[in-house]
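In what follows, a single structure is set out as structure tokens and then discussed.
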Amino acid sequence: MINNNRNTNNSYTDSTAFPLEIYGHLLKRIRERQHISQMELARRTDLSVSFISSVENGQSQTSIGNAALICNALNVSLSSVYDTAVRVAEIVDHNQYKKVE
């Protein structure tokens, strides 16, 4: 039997960690499309430029509060960015199936 770990309620329940790199990449793309620099985003959120960079590069986890600050500063909902990151992760990982014995 094969289990593809698909979850229909959009919460990331796979045995792996939340897709930080995808989440960070999405935030970076949104920021760049709005022509906002990391320095401006840092100013809007009162977070450091190095922290913003590490989140965008998937090197750093962020609290829900900081994630909300970043999303609010970019005028996007945290839930839409989260859901998109999860969907992309599911597509990227589509061939990583687990055998259930």
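Any read-out appearing in this document is the output of simple, stated calculations on the displayed coordinates, not a laboratory observation. Note that the structure is predicted; figures quoted are calculated from it, not measured. Please note: Cβ atoms are built from the backbone with ideal geometry, for glycine as well, and neighbour counts cover all protein chains shown.
Would you be able to tell me the number of residues in the range 38-54 that are loosely packed, with under 13 Cβ neighbours inside 10 Å and either closer than 16 Å to residue 64 by Cα or not hydrophobic (A, V, I, L, M, F, W, C) (or both)? Total satisfying the criteria: 3. Within the range 55-95, the set of residues being closer than 16 Å to residue 37 by Cα, over 12 Å from the mean Cα position of the chain (by Cα) and surrounded by 15 or more Cβ atoms within 10 Å (Cβ to Cβ) comprises 69, 73, 74. Scanning the range 33-61 for residues that are under 21 Å from residue 89 (Cα atoms) and out of contact with any Ser or Thr (no Cβ under 9 Å at 6 or more places or on another chain) yields a count of 4.
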